[in-house]
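Below is one structure, written out as structure tokens; comments come after it.
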Amino acid sequence: MVAAGAVAAATLVTVEGHSSTESPAHRSVSTYIKQVDGVQQQLRVRLTKMFTAYREFATQTKGATVARDVRAAERTLAAVERRVRALHPPPEAARLHRLVLELLEADRGVAHELSELTTFTPRLHAAVAAAAVAGKRLSRALAAARLPAAHAVRGTPKQIARARAIYRTRALAAASAQADAVVSYCRRLGAILALLRGLHPPRVMAPTLDAQIAALKATRRTGFALGDELRKTDLSNVPVLSRRFSVAARTAASVAAQRAQIAAIKAYNARVRRTGALNARIRGEVVRLQTALG
């Protein structure tokens, strides 16, 4: 995902005058275009920094400096839009003015989404990383509390009964330890869920956040149910709930979640491509004015 970073003024070509033969309409349109270009010149230093910020963001350069510069770039585009919107184009340049503002508005929308990404993405990654750490801790705890393996016992009925009682005691103790581990994991997920629900994603990342939240909710729900089952004296339903618990953790990678994420990225790309299309329309309008005004 790359920022369009297009500035309408950069696409404009001044309609050159022809001294005394220049018509009033030609002169007024030329003046308007020079005014738009003047806005760009006034903000030239900030625009240069803006393009640098987007270049670094597009190459996935990390760090707080890039995030700060991307947010500053959004403010630069907003300043360009405000100054251009304050201009008063002649009637002949009304369509050109409308296209320029449309482009700047589209650019600012993309810039705002990128600014949101610089804030949202690190927080999302931190939450996902915390969930991964919690998952590793759960794996270690479950491995340490493994259920005893069933084995054949030979001997007298009394010896067999005693062996069964020992096995059952050990199995229930292991199951209780596993229940503690699963419930502790689910509680950690609750804190992570609270963090995720407090995030404000840009449109392109909304399905990704929704998928993460749905997966953690399903994992907690099935995890608490598994914990309850592990504390029962009858462990026959544990394999079924354990399987549901494992499946729930993979919800974020489901086909439906992936399709929603792909659709969001395609929509974002379409928003970026729209700025390029508007640039082309502006160039075409400038050419039309040059031809119409001689």
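The values are calculated or read from the model by the stated rules, or taken from the named source; none is laboratory data. It should be emphasised that the depicted structure is a prediction, and the values quoted were computed from it without experimental measurement. With ideal geometry, Cβ positions are generated from the backbone for all residues, glycine too; neighbour counts draw on all protein chains shown.
Residues checked against (1) within 19 Å of Ala127 (Cβ to Cβ); (2) charged (D, E, K, R):
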residue	(1), (2)
Leu195	yes, no
Leu199	yes, no
Ile213	yes, no
Gly227	no, no
Asp234	no, yes
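Note on region 53-96: among residues that are in contact with a Phe, Trp or Tyr (Cβ under 7 Å, 6 or more places away or on another chain) and assigned to a helix (DSSP H, G or I), the one that is nearest to His125 (Cα to Cα) is Val66.
In region 150-174, the residues that are on the phi < 0 side of the Ramachandran plot and part of a helix (DSSP H, G or I) reach residues that are exposed (fewer than 10 other Cβ atoms within 10 Å of the Cβ) and not charged (D, E, K, R) with C-beta atoms within less than 8 angstrom, at least six apart or across chains, in these pairs: Tyr167/Ala150; Leu172/Thr233.
Might you check whether a residue that is farther than 16 Å from Gln40 by Cβ, in the same structural domain as Pro24 (by TED's automatic domain parsing), among the charged types (D, E, K, R) and surrounded by fewer than 17 Cβ atoms within 10 Å (Cβ to Cβ) occurs anywhere in region 67-74? The answer is yes; a qualifying residue exists. Annotation: of all residues in region 231-269 being of a type in the set (Val, Ile, Thr) and over 22 Å from Tyr167 (Cβ atoms), the one that is farthest from the chain's Cα centre (by Cα) is Val247. Of all residues in region 239-263, those that are in the same structural domain as Val204 (by TED's automatic domain parsing) and buried (at least 16 other Cβ atoms within 10 Å of the Cβ) have Cβ atoms under 8 Å from Cβ atoms of residues that are modelled with pLDDT under 85 and part of a helix (DSSP H, G or I), 6 or more apart or on another chain, in Ala257/Thr251.
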